[in-house]
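Step one of this worksheet: look at the structure below.
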2 protein chains.
Amino acid sequence: MILETLPSRLLLGPGPSNAPDAVLEAMRRPLVGHLDPHFLALLDRLKEGLRTLFGTTNAMTLPLSATGSAGMEACLVNLLEAGDPVVVGVNGVFGGRMAEVARRAGARVTTVEADWGRPLDASQMDDVISRVRPRVVAFVHAETSTGVCQPVEEIASAARAAGAMVVLDCVTSLAGRPVELDAWGIDAAYSGSQKCLSCSPGLSPVSVSDRAIEHVRERRTPVQSWFLDLGLLAGYYAGAQRVYHHTAPISAIYGLAAGVDRVLEEGLEPRFERHRQASSRLVQGLEALGFEPLVEAAHRLPMLTSVRLPERVERLGEAVVRGRLLEDFGIEVGAGLGPLAGEIWRIGLMGENARPEVVDRLLEALHAVLD
Amino acid sequence: MILETLPSRLLLGPGPSNAPDAVLEAMRRPLVGHLDPHFLALLDRLKEGLRTLFGTTNAMTLPLSATGSAGMEACLVNLLEAGDPVVVGVNGVFGGRMAEVARRAGARVTTVEADWGRPLDASQMDDVISRVRPRVVAFVHAETSTGVCQPVEEIASAARAAGAMVVLDCVTSLAGRPVELDAWGIDAAYSGSQKCLSCSPGLSPVSVSDRAIEHVRERRTPVQSWFLDLGLLAGYYAGAQRVYHHTAPISAIYGLAAGVDRVLEEGLEPRFERHRQASSRLVQGLEALGFEPLVEAAHRLPMLTSVRLPERVERLGEAVVRGRLLEDFGIEVGAGLGPLAGEIWRIGLMGENARPEVVDRLLEALHAVLD
C-alpha cells in the first residue's frame with residue numbers, strides 16, 4: 001500500500017511540523033472508549049496542560065475535535081449572533097478568514113486592514129472600536145500567511161474598554177512564544193495541534209473565558225453550528241456528568257497529550273528561547289543567500305520566517321526550487337499565499353524543528369540547489 | 001504519564017470499536033505535508049476506496065476532517081438554505097440530531113416520528129413528502145441509539161419523485177452492511193471512522209452526488225459554515241490544483257487509509273456475512289441470559305444489538321453491571337440514550353469485533369457477573 005512508500009520529510013513549511021516519536025508512539029496506543037474513566041482522566045490532565053500553555057485559568061479549555069479553522073469558527077459563531085457588530089483586523093489570510101467566518105454567522109463586519117507583512121495599527125483599531133462599539137473584536141496573534149507577530153495588549157484593552165469580547169488566533173504562536181490570555185484579557189482563543197506543539201494536525205486547542213461562556217448562555221438564538229456549540233461541548237468536556245456529544249478523537253488526543261507533556265517537560269521559557277535562537281540563525285543564513293525578510297525585525301515571528309526571494313531563485317522558478325528541496329533533500333518549505341504567492345517563501349521552525357541542526361540542514365540544501 | 005497506564009479494553013459499545021494493529025501502526029508513521037504529492041496520492045486512493053464502500057461514483061467522496069456529527073452538519077448546511085422545507089425521519093437520537101442541525105441552518109423542519117426501536121413508516125414518510133414538497137429528505141440508515149436498520153429505497157424514491165434531495169446517515173452501517181448510494185438515489189451521506197471501519201474516531205467519510213454539488217453551486221446565500229463548505233473543500237479534495245483550505249489530519253488519514261485497505265482486502269460480502277453471524281450468535285447467547293432484543297428480527301442491525309435488561313441486571317443496577325464488565329473484564333458495552341437510558345444496553349460488534357470469539361468473551365464475562 002502507498003503508506004509504506006511515504007518518503008521521510010523535514011517539514012519546514014507553515015505546518016505541520018515534524019512530530020516527535022513520543023507523539024507518534026502515543027497515537028499507536030490501543031483505543032479506549034471516549035467515556036472510559038481513564039480517558040476522561042487523561043482529558044482532564046490535557047485540559048490542565050493547555051491552560052498552562054494559554055496562560056489562563058479558563059474552565060472551558062479543551063482540545064476541539066477538528067483543525068484550527070474549526071477552532072476559529074467555534075469561537076466566532078458562539079460569541080456572535082446575526083446582526084452583531086464585529087471588528088476584525090486583517091493583514092493576511094487568517095484575519096481575512098475570521099472576517100469571512102463572522103460574515104457567514106450574519107455579523108456586521110468592519111475590517112481594519114494593514115499591508116500584508118505589517119502589523120495592525122493599534123490606534124487605528126482603537127478608533128474603529130470606539131466608533132463601531134462591536135460585540136467582538138477579532139485578530140491574529142501570529143499571522144501564518146506573512147510571519148507577522150501582532151502586539152496584543154493595546155488592542156485587547158481598547159476592546160474591553162469598549163465592552164467588546166476579544167477573539168485571538170493563536171494557531172501558530174501557542175507553545176512557540178508567550179501567550180497570556182488572562183493577562184491580556186482575551187475571551188476566546190484557538191490554536192492548532194500541528195504547529196509549535198509538533199503534533200499531528202486535526203485538533204484545535206480552544207480556551208473561552210467564563211465571561212464569554214456567560215454571553216453564550218444569554219444568546220437570543222441557538223448557535224448556528226450544533227457541532228461547535230460550546231454549551232453542548234461543555235456537557236462532555238467540563239460537565240460533572242460527562243454527557244455524550246460527539247465521539248472524541250481518541251488517538252489524536254493521545255498524541256496531543258504526549259505533545260503537551262513534552263512541552264511542559266521542556267518548560268515554556270526554554271522552548272521560546274529555542275525558537276528565538278533558531279530563527280535568528282535562519283535569518284542570518286538566508287540573508288547570506290540573498291533572501292530578504294518580509295517582516296521588520298521588531299514584528300517578526302520566531303517560528304515562521306517569511307522571505308522575499310533572491311534573483312537566483314526567481315530565475316530557476318520558485319516552485320521548481322521548492323520541488324527540488326522536496327524531492328532531492330526531503331525538505332518542505334511553504335509557498336506564499338494570496339497576493340504573496342510566488343513572491344515569498346514561508347519557512348517554519350516550529351516546535352521540534354526549532355533547532356540549529358535543522359536550520360543548517362536547510363541552509364546546506366539551499367546552497368546545493370542554488371550554488 | 002497517564003497514557004502509559006491506560007488499560008486494555010474490548011470495545012463493544014456503540015463505537016469506537018477496537019482498531020487493528022495495521023490501523024494503529026499506520027497512525028504511528030512520520031508525518032508528511034498535507035500538500036505533499038505523496039500524501040495527495042494516498043488521499044486519492046482513499047477516496048476511491050470510500051467510493052467502493054459507499055457504492056457510488058460520486059467525485060465528491062472524501063474523509064471529512066471531523067467526526068460523524070460534523071459529517072451530518074456538512075451534508076445538511078450545504079444542501080439547505082434558510083427557509084427551505086425539509087422532512088426528517090426521527091426514531092432515535094440521530095434522527096433528532098438531524099432535525100436540530102437543520103433547524104439551526106434556518107430550515108423549516110417537518111419531522112416524521114416513529115417509536116424508538118421501530119423503523120420509520122415508509123408510507124407515512126411518503127405522505128408527508130408529497131404534502132411538504134421538501135428540498136431535502138433526511139433519515140438514518142442505522143440508528144445507533146436503538147439498533148434499528150431502516151429500509152432506504154422506498155423513502156428515497158418517494159423523495160426523488162417529489163424533487164427532493166436525500167441525505168442518509170450511514171455512520172454505523174458503512175462497511176458492516178450494504179450501502180448503495182447510487183442504486184438507492186442518495187444525494188449526500190456521511191459515516192464515521194470508528195464504527196465498522198474500526199479506525200480511530202475523528203474522521204467522517206462523506207459522499208455527495210454531482211446533482212447535490214450543482215445545487216450547492218446555485219445557492220442564493222453562502223454556506224453558513226466556512227469549515228464545512230463543500231465548494232471550498234472541493235478545492236483541496238477534488239480540484240486539479242489542490243488549493244489549501246484547512247490542514248488535513250495527516251495521521252488520522254493514514255489510519256483510515258489502512259482501515260479501508262483492510263476492508264477491501266477482506267471483501268465487502270464476507271465482511272457483511274461476518275457481522276450477520278456474530279450478531280446472531282450474540283442474540284442467541286443474550287436471550288439465554290434473559291436479555292430481550294429491543295428490535296424485531298427483520299429490522300435489527302447486525303453491528304449493533306440493543307437489548308432490554310433481565311431482572312438480574314436491574315436488581316444489581318445496570319450501571320453497576322456495566323462498571324463490573326469494564327473494571328473486572330475490560331469490556332465496554334453501551335448504555336441506552338434518551339428515553340431508553342437505564343432501559344437497554346447497546347452492544348456493538350463492529351468491524352474487527354464482529355467475531356465469534358469476541359461474542360464468547362462477552363457472554364462468559366456476563367455469566368461470571370450474573371451467575
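The values are calculated or read from the model by the stated rules, or taken from the named source; none is laboratory data. Just so you know, these numbers come straight off a predicted model, no measurement behind them. Don't worry about glycine lacking a Cβ; one is built from the backbone with ideal geometry, like all the others, and counts go over all protein chains shown.
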**Report entry** Residue in the range A:7-16 that is farthest from the chain's Cα centre (by Cα), counting only those that are surrounded by 22 or more Cβ atoms within 10 Å (Cβ to Cβ) and within 8 Å of another protein chain (Cβ to nearest Cβ)
**Finding:** A:11
Report summary line: Those residues of the range A:23-48 which are more than 7 Å from chain B (Cβ to nearest Cβ), closer than 27 Å to residue A:354 by Cα and buried (at least 17 other Cβ atoms within 10 Å of the Cβ) amount to A:23, A:46, A:47
Query raised in the report: Does the range B:244-257 contain at least one residue that is in contact with a Gly (Cβ under 7 Å, 6 or more places away or on another chain) and either basic (Lys, Arg) or without any contact (Cβ under 8 Å) to a residue 60 or more places away in the chain (or both)?
Result: yes
Report summary line: Only one of B:105, B:41, B:19 is without any contact (Cβ under 8 Å) to a residue 12 or more places away in the chain, among the small types (Gly, Ala, Ser) and in contact with a helix residue (DSSP H, G or I) (Cβ under 8 Å, 6 or more places away or on another chain), namely B:41
Report task. Scan (1) within 14 Å of another protein chain (Cβ to nearest Cβ); (2) farther than 28 Å from residue A:252 by Cα; (3) touching a strand residue (DSSP E or B) at 6+ places or on another chain (Cβ under 6 Å); (4) not in a strand (DSSP E or B) for the single condition residue B:71 breaks and write down its number. Result -> (2)
Requested in this report: Working only within the range B:320-361, note down all residues that are under 23 Å from the mean Cα position of the chain (by Cα), more than 12 Å from chain A (Cβ to nearest Cβ), in a helix (DSSP H, G or I) and under 24 Å from residue A:39 (Cα atoms).
Outcome: B:358
Query raised in the report: What about residue A:171, is it surrounded by 24 or more Cβ atoms within 10 Å (Cβ to Cβ), in contact (Cβ under 8 Å) with a residue 12 or more places away in the chain, among the hydrophobic types (A, V, I, L, M, F, W, C) and touching a Ser or Thr at 6+ places or on another chain (Cβ under 6 Å)?
Result: yes
**Report entry** Counted residues, the range B:177-200 - those being within 20 Å of residue B:346 (Cβ to Cβ) and in contact with a Lys or Arg (Cβ under 7 Å, 6 or more places away or on another chain)
**Finding:** 0
Report summary line: Checked against (1) surrounded by fewer than 23 Cβ atoms within 10 Å (Cβ to Cβ); (2) more than 7 Å from every other protein chain (Cβ to nearest Cβ), residue B:2 satisfies every condition except (2)
**Report entry** Filtered residues of the range A:245-274 (kept if surrounded by fewer than 24 Cβ atoms within 10 Å (Cβ to Cβ), in a helix (DSSP H, G or I) and more than 10 Å from every other protein chain (Cβ to nearest Cβ))
**Finding:** A:263, A:264, A:266, A:268, A:269, A:270, A:271, A:272, A:273, A:274
Report summary line: Subset of the range B:128-149, residues in contact with an Asp or Glu (Cβ under 9 Å, 6 or more places away or on another chain) and surrounded by fewer than 24 Cβ atoms within 10 Å (Cβ to Cβ), comes to B:135, B:149
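Specify which of the listed residues (A:206, A:179) is assigned by TED's automatic domain parsing to the domain that holds residue A:67, under 21 Å from residue A:267 (Cβ atoms) and touching a strand residue (DSSP E or B) at 6+ places or on another chain (Cβ under 9 Å).
After applying the criteria, what remains is A:179.
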**Report entry** Residue list for the range B:239-289, restricted to those being in contact with a strand residue (DSSP E or B) (Cβ under 9 Å, 6 or more places away or on another chain) and assigned by TED's automatic domain parsing to the domain that holds residue B:347
**Finding:** B:279, B:282, B:283, B:286, B:287
Query raised in the report: Restricting the search to the range A:165-184, which residues are in contact with a His (Cβ under 7 Å, 6 or more places away or on another chain) and of a type in the set (Ser, Thr, Tyr)?
Result: A:173
Report task. Would you confirm whether any residue within the range A:77-87 is within 9 Å of another protein chain (Cβ to nearest Cβ) and more than 15 Å from the chain's Cα centre (by Cα)? Result -> yes
